[in-house]
Amino acid sequence: MWKRDEGPSGSEVSVALAVVTFVWLAALMQWAMYDLVVPWDSKNQFYAFYRFMASAIESGSTPFWNPYHYAGHPSSADPQSLIFALPFLAWAFINPEPSLIAFDAFVLAHLLAGGWAIVFHGKREGWPAAASIIAASVFMLGGAVSGRMNHVGIICAYGLFPVALLLMRVAIEKNSKWAALGFAVAASQIALGRTQVPLLLCALLVAAFIAQICASERIWQTLRTRALVIATMLIGSVVLLAPPLLLTLQFIGLSNRPVTPVETALLSSWHPLNIATFFSADVFGSLRAGSEGWGPNGETLKGLDATDRSFNYMFCGTLTALLLLWHGVAGGRIMLKGGRLIAVALVVSLAYALGRYTPVYEWLFSYAPGVSLFRRPNDATFLVVLCVAYLTGRLAADYIRDGAPKTHIGGGLIVAGGIVAGGIVALAVLSVQFSDVSQRAFEAGVQIIGALIVLSLLAWALHAARTQRSRRILMSVLALATSAELVLRNAGNVLNARPAADYALLQSPSGEDARIVEAIETDMAKTTGGPFRPRIEVVGLDGQWQNASMILGLEALNGYNPLRIGSYDELIGPGESPYNVNGRVFPITFPSYNCGLSRRLNLRYLVLDKPIANLPRKHDV
């Protein structure tokens, strides 16, 4: 490791922060310049939840109960409602009706905060500015982060992890009560994500705390002298976390998903062949419009896999792959003192993400607290990217100081090429249902050859730089190149961007959408009194309609949310995805829209994508 007195100067840190900010802005512009937004859950669910929360606050009400969702929904217990996310809560007082792109910018600002924290982490570790920039860029835009930017709660928790880790280290090393309090706030905000990724991030924070205490020369003295700081971190986190967490645990027991069978969870295992995307971004057609890709996913492995290309994408930059495989694995630097915790976390996270393909996940599902509450082992790919980011920064710093490791130059390239080529060969066997397998194999081969050429050129350049000064200059250039590569490939691509016009209903309805809304509002205005407000149900329309009722102020019988009140779900059968007409089941308690329960609920308006006579009736008796 670098000695502290060999670390970057204040001006270098300022440059690193400025470059990381510029990279983040360049990434954001990939959406803004082309009138794109982060789609799907980001807008259908989280944007609608935010608008409801902000509207409730602006009207002087509280957002703890949502009347516009499933005929009434306990927002205070819903882990995805955002009402306990302090940044969003504060923003709701300032901007209750943000534009779609402003909402995206606010969410992605959590990644920028994490990127800045990584720069300060690099300063403490003695990393040159270039190493910190690479690590921050990978953290903000790498792999699963890019593929799943629509999962707002996960992105926000992930973005706060480096902040919490940095504050924890400062609190213990400097015995700082203010840093301890900051850690309590950041860590509780991570945990309040209340999904699987926050659970894993919290486990890593605990491991990092134990490792930091054990690394001190006098463990008991450290615990004794830092007792107040440690107590502040622990008690502060518990106090901030306990109320909403207890509400959620209570809700889960009454919900439609009190348990998750392991068989369901295993369907979201990360197939090992998808590691090929770590070396070549588009090897499986992941970034091509109009295609779901031909790698291992729910389409190519039906009955065995429920993932898609956004879950499986793992490209973190060509230089990142080279440094990790050549310098880290082949050169043995991945396990040097000071980086072992992250290296071990990387291996464990990868084994967890692989799900059915290793025994690790099933064992943790059975015995580790909290794991059985969730259904996607591939969520751990976020931790894989996180660990890769920190390791990449460290390996880049080690290269600048010590040069390339004493290994055969081509070793890493041979392994990389073998992995990618092996993945394509295996995929050819798995994907025989494609009529154009040869064409796909050819396209994949072109991607592989291109990746190997770039890897070879990078390896030659890294090996050719002999002096520390030349290595520092080279790595500075490569830091900018890697950041640009990640911006151009991973920001505003088909995995995380759609035209803003697709979600116009949520901001400014127009055309047929506006006509529907106007017709409902006009009719509601004519309604005189009564014990109940009229309710609406939307079935068959596209994503933006799923939770639009929250923004339009219409009380709906259905909506889009994986977590619902269990008894209501059984009685009404609204389904999780109202855009799918076939998902609307009519149980015996709600056999049609003209039944006693429908009238009791005062269902007055239906918004359908087809005549009601063509709506399938599925009587679940």
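Descriptive notes on the structure:
- Of the residues contained in region 158-174, none is found to be touching a residue at least 24 places away in the same chain (Cβ under 8 Å) and not in a helix (DSSP H, G or I).
- Identity of the residue in region 302-318, open to solvent by 20 Å² or more (accessible area, probe 1.4 Å) and not in a helix (DSSP H, G or I), that ends up farthest from ARG356 (Cα to Cα): ASP308
- When region 59-110 is filtered for residues that are open to solvent by 40 Å² or more (accessible area, probe 1.4 Å) and of a type in the set (Val, Ile, Thr), the ones remaining, listed by number, are THR62, ILE94, ILE101.
- The condition of being open to solvent by 10 Å² or more (accessible area, probe 1.4 Å) and modelled with pLDDT of 95 or more holds for only one of SER577, SER567, SER592, that being SER567.
- Taking region 334-385 as the range and being without any contact (Cβ under 8 Å) to a residue 12 or more places away in the chain, of a type in the set (Val, Ile, Thr) and assigned to a helix (DSSP H, G or I) as the test, the residues that pass are VAL344, VAL347.
- Entry remark, region 237-286: residues being open to solvent by 40 Å² or more (accessible area, probe 1.4 Å) and either within 21 Å of the chain's Cα centre (by Cα) or on the phi > 0 side of the Ramachandran plot (or both) number 5 in total.
- Only one of the listed residues (SER508, SER456) is within 32 Å of the chain's Cα centre (by Cα), open to solvent by 20 Å² or more (accessible area, probe 1.4 Å), within 30 Å of ASN150 (Cβ to Cβ) and modelled with pLDDT under 95. That residue is SER508.
- Residue satisfying all of: in region 36-55; open to solvent by 10 Å² or more (accessible area, probe 1.4 Å) and over 18 Å from the mean Cα position of the chain (by Cα); farthest from LEU249 (Cα to Cα) among these: LEU36
- Condition met for GLY559 (among the small types (Gly, Ala, Ser), at pLDDT 90 or above, part of a loop (DSSP other than H, G, I, E, B) and buried (at least 18 other Cβ atoms within 10 Å of the Cβ)): yes
- Only one entry in ALA441, ALA481 is at pLDDT below 95 and surrounded by 14 or more Cβ atoms within 10 Å (Cβ to Cβ), namely ALA441.
- When ALA227 is tested against (1) in contact with a helix residue (DSSP H, G or I) (Cβ under 8 Å, 6 or more places away or on another chain); (2) at pLDDT 95 or above, exactly one condition is not met: (1).
- Pairs linking a residue in region 444-466 that is farther than 22 Å from GLY295 by Cβ to a residue that is open to solvent by less than 60 Å² (accessible area, probe 1.4 Å) and among the polar types (S, T, N, Q), with Cβ atoms under 8 Å and 6 or more positions apart or on different chains, are LEU458/THR318.
The values are calculated or read from the model by the stated rules, or taken from the named source; none is laboratory data. Owing to the predicted nature of the structure, the values given are computational and were not obtained by experimental measurement. Neighbour counts are summed over all protein chains in view; Cβ atoms, including those assigned to glycine, are modelled from backbone coordinates with ideal geometry. These accessible areas exclude ligands, DNA and RNA; they are computed on the full protein's heavy atoms, side chains included. Shrake-Rupley method; radii C 1.70, N 1.55, O 1.52, S 1.80 Å.
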